[in-house]
Amino acid sequence: MATSLYRIGRWAFRRRRLVIALWLGVLVLAGVAAAMAPAAQDEDLSMPGTESQKAFDLLDERFPQSNAQGAEARLVFQAPDGQKVTAGPNRAAVERALGSLDGGGQVASVTDPYEDGAVSRDGTIAYSTIAYSADAVDLTAPAKSALEDAAATARDAGLTVEIGGSALDAEEAPGGTTEIIGVVVAAVVLILALGSLVAAGLSLLTAFWGVAIAFGLVTALADPLGLTSTVAILALMLGLAVGIDYALFITSRFRDELVLGGEPDEAAGRAVGTAGSAVVFAGATVFIALVGLGVVGIPELTKMGMAGAGAVALAVLVALTLVPALLGFSGRRILSRAVRKATSPGSERPATGRPGLGTRWARFVLRRPVTVLLVAGLGLGAVALPALSLELGLPGDESKSVETTQRRAYDLLSDGFGPGFNGPLTVVVDLTGSADRRAATDRVATTVRGLDGVASVDDPVMNRAGDTAVLTAVPRTAPASGETKDLVHAIRSAVSGVEAGTGADIAVTGTTALNIDISEAMSDALVPYLSVVVGLAVLLLMVVFRSVLVPVKAALGFLLSVGAAFGVLVAVFQWGWAADLIGIEQTGPVMSLMPILIIGIVFGLAMDYEVFLVSRMREAYVHGASPGEAVVGGFRHSGRVVAAAAIIMISVFTGFVGMSNPTIQTMGLGLASAVAFDAFVVRMAIAPAVLALLGHRAWWLPRSLSRVLPNVDIEGEALTRRPPATATVPDTTGPDAAGPGAGVPSLPFDGR
C-alpha cells in the first residue's frame, strides 16, 4: 500500500496542474448538477416491517382518498381571558378563518370544531384539523400562506391562534453563525499547529473543496433518492471535519520530510505513502461503519450513512491527490519562515532546546502509568454512568422552542384536552377475514375503551368498501412518556384476543406508535451493531499493527469514549444539565437514531487517532526502539498533529450544536463529546499508559496469525528501504520552491 500511494503522491505533485484541473472540473459539474436539480421530495421517517408501518401502508391502500402520512395542520383557537370560544363574536371569527381555508389549494378537508366536539370542557380552547392532499415538503407557498392568513384573521378578532402539525415544518439549511465560528476556530488551530498561513490555508481549501463537491452531489441526488436536509448536514459535518484532518496529516508529514532534507516531489510521495496509508485505513473504517448503518433497516438512517460515507470517501481522494498537487505549488513555503531559514543550505543546526509538550506528556505517563490509567478510566466511567438511564425517542413539537407556533399550539392543546391529545393512537382493523364486520369493530372499540390509560376512543370510521375500520384512541399521558409506550403494548396485547375470536387483523399505528416502534428497534439493534463495530475494529487494527493486545486496548477505549458521550447526551437532553447553554428548552428522550449513528461515526474517527498516533510508535519499535522510547517517539512526531486534528473536529461538530433542529443538536454534541473523550483521554492517556504497562507484550502476535494476516505496511517500511528518487521536476512557482537538496540537517520542530 505504501509504495502504491507513494507513486500516487509523487505523480500528483509532478502533474499538479492536471490534477487541479480535474478536481476543478468535478467541482463545477457538481455545482451545475446541484443548481439544475429539482427541489427535494422529502420522505417521512419509516421503519419497514414494524406493525405501525404495515398499518400506515394498509391505510394508504384502503383509504386512497386520503394520505395517511400527508401534511396536517391544526389551528388552535383560545378565547381572551374571561371569554369562551363558543361565544357569538368568537365563534364567528373562528368560522370566518376556517371558511377561508375550505376548498383551498391542496386542502383535502377542514373540520368544524363546533360540530365535531373539538372544544375544551371549559369552552376556552377549540381546534380545527386541516388535512392536505400532499406531504409537508410538497405544500406550495400559497397553501402555507393561506393557513397563516387564516390564523391572522382570527387574531385580528382578538383570539389567540397557534398552528400545530406538520404543515409548517421547514427543513433547516446548513450554514449559520455557530458553524462559522467552528470553522474559524479550526483555522486558528491549524495556524498554531503548523506555524504557517500557507499550510493552514491549504488544509482548509482542500477540505472545503471536497465538502463543496459532496454537498453538490447530495443536493443533486436529493430528489431521486429522497435525501433530507439532515442527510446533507451530516455529509457537510463529516466531510469538513475529516477533510481538514486528513489534509493536516499529509501536510504535516510532508513538512517532516522537507525538514529532513528531502526533495519536494520525493517528500510529497513519502508523505502520501506513509500518512496517506493511515488516511486510507482511517477513511475505510469510517466508510465501512457508515455503510453498515443500512443493516438496521431504517431508510433515513441508511441514507445518512451512505451520504456520510460518500463525503468521507471524497475527503480521502482529495487528501491523496489534490493535497500533494497543491503542495507542488507551495513547495518549501509550506514551512514557516523560521524553519525555512534554519534548514537552508549552509545554515547551522539549531539547538534542540526543551522537549515539546507531547514528549513531556509521554514521559510523564511512562513514569506514572497506573495512576494515569486509573484516573482516566475511572473518570470516563463516571461520565458514562448516566448512559445507564438512556431513553430513546423521536422529537416532536414538544421539543421545539417556545418561540415557535408549533410548540405553543402543542401546549394549548395539552392544556385544553390533556397531554395525550397531541399523540393519538390509530387502531386499524382489517375486516377482510371477519364474518361479522360490525360486531368485530364494536368489540375492538369496547376492548380499547376498557384499558387503563385511554382517555377516549372516537367512533369507528369505515372505508367505502367496508373492509377496514379506523379508531382513534387518545392516551391520558404525553406522547414521549413511558406510560404511553406501555399503553401501546397493552392495546396490542388486548386486541390479540379479539383477532382470534373475530378473524380481524388489528394493528396500532400513528406517529406516536411509529416513533415507539422505531425507538425499540434502535434499542434492539444497538448491542449487535456495537458488537460488529468493535469486532471489526479489533480485526482491522490487528492487520495494521500486527498485534493482538493493541487492537483489544483500542476497542475497549472506543467503548469507554462512546459510553461517556452517551452519558453527556443523557445528562443534557434527558436530565437538562446545562441545557440552557445550548438552547434546549424541553428535556426528553434522546433522539433514537443518535446512538447507532454516533457509534458508526465515532468508530472511524477513533481509529483515525489510534492509527496516526500508534503507527508512529510501531514504526519506532520495529526499527529497534524500546517500548518506552517508541511511545515517546509516537508522541514526539504525531502528538501535536493528533491534538490539533481533534480540536478541529470538536470545533466543527460543536458548531452544529447551535442549530435549532434537535436532531442536529444531538448529533453535534454527541460527536464533539465522543471525539474529545477519545482523542484526549483514551488515545493520549489510557493508550500510552497501557502500552507502558504491557511493554514488549503489546506488540506480540502469534505465529499462526502472523502467517494468515496480510501485511499492509501502513508505516511505510518499504519506503525506508527504497532509495530516494533523484529525478525531480523544477518548480517555477517561487525561488524557495525547489527544495534544499539532500544532506540538510534535521530540525525537530514537530511536537515542540
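What follows is calculated from the coordinates using simple rules that are stated; it is not laboratory data. These numbers come from a predicted model, not from an experiment. Heads up, the Cβs are rebuilt from the backbone with ideal geometry, glycines too, and the neighbour counts pull from every protein chain shown.
All other residues whose Cβ lies under 13 angstrom from that of P369 are scored, Lys and Arg at +1 and Asp and Glu at -1, for a net of +4. How large is the charge dipole for the chain, taken about the Cα centre, if only the Cβ atoms of Lys, Arg (+1) and Asp, Glu (-1) carry charge, to the nearest 20 debye? For the chain, the charge dipole is close to 5020 debye. Summing +1 for each Lys or Arg and -1 for each Asp or Glu among the other residues whose beta-carbon sits under 15 angstrom from that of I686 gives +1. Of the peptides 314-325, 483-494, the ranking by mean beta-carbon count within 10 Å, highest at the top, reads 314-325, 483-494.
3J(HN,Hα) along segment 605-613, derived from phi through the Karplus expression 6.51 cos²θ - 1.76 cosθ + 1.60 where θ = phi - 60°, amounts to 5, 4, 5, 3, 5, 4, 5, 5, 8 Hz, with x in place of Gly and Pro.
Let's see if you can work this out: charge +1 on each Lys and Arg Cβ, -1 on each Asp and Glu Cβ, no other charges. What is the dipole magnitude of segment 425-509 about its Cα centre, in debye to the nearest 20?
For segment 425-509, the charge dipole is close to 60 debye.
The long axis of helix 549-569 is offset from the longest Cα principal axis of the chain by roughly 40 degrees.
The loop-placed trypsin sites (Lys or Arg not before Pro) in segment 434-471, going by DSSP, that have at most 13 neighbouring Cβ atoms within 10 Å of their Cβ come out as R464.
By how many degrees, 0 to 90 and rounded to 10, does the Cα axis of helix 197-225 deviate from the longest principal axis of the chain? Once rounded, the angle reads 30 degrees. Compactness check for the chain: Cα Rg over 2.2 N^0.38 Å is 1.12.
A prolate overall shape is assigned to segment 425-509, the ratio a/c of its alpha-carbon gyration tensor axes (a ≥ b ≥ c) being 1.5 or greater and a/b exceeding b/c.
Projecting the Cα atoms of G103, V161, Q83 onto the charge dipole of segment 71-165, computed from C-beta unit charges around the Cα centre, puts Q83 farthest toward the positive end. Between the DSSP loop rule and a limit of at most 13 other Cβ atoms within 10 Å, which GluC sites (Glu not before Pro) in segment 382-430 are left? Counting only loop positions with at most 13 other Cβ atoms within 10 Å, the GluC sites (Glu not before Pro) in segment 382-430 are E403. Charge dipole of segment 71-165 (Cα centre as origin; +1 on each Lys and Arg Cβ, -1 on each Asp and Glu Cβ, all else neutral): 220 debye, rounded to the nearest 20.
For the chain, the mean residue ellipticity at 222 nm estimated from helices alone is -19000 deg cm²/dmol, where every DSSP H run of n ≥ 4 contributes -39500 (n - 2.57) and the total is divided by all residues, rounded to the nearest 500.
Relative contact order, whole percent, for the chain stands at 20, derived from Cα pairs under 8 Å and 6 or more residues apart. Peptides 71-78, 11-18 ordered by packing proxy, namely the average of other Cβ atoms within 10 Å per residue, highest first: 71-78, 11-18.
Scalar couplings 3J(HN,Hα) for segment 361-367, obtained by applying the Karplus form with A = 6.51, B = -1.76, C = 1.60 to θ = phi - 60°, are 5, 4, 5, 5, 5, 5, 6 Hz; x denotes Gly and Pro. Expressed to the nearest 5 percent, the antiparallel share of DSSP beta bridges inside the chain is 95 percent. Backbone geometry of segment 470-485 corresponds, through the Karplus equation with coefficients 6.51, -1.76 and 1.60 at θ = phi - 60°, to 3J(HN,Hα) couplings of 10, 10, 10, 10, 9, x, 7, 10, 5, x, 8, 7, x, 5, 5, 4 Hz, x marking Gly and Pro.
How far is helix 640-655 tilted, in degrees, relative to the longest principal axis of the Cα atoms in the chain, given as a value from 0 to 90 rounded to the nearest 10? Orientation of helix 640-655: about 20 degrees from the principal axis. Annotation note: chymotrypsin sites (Phe, Trp or Tyr not before Pro) in segment 379-487 located in DSSP loop regions with a Cβ neighbour count of at most 10 within 10 Å are absent. Kirkwood's formula applied to the C-alpha pairs of segment 71-165 gives a hydrodynamic radius of 13.2 angstrom.
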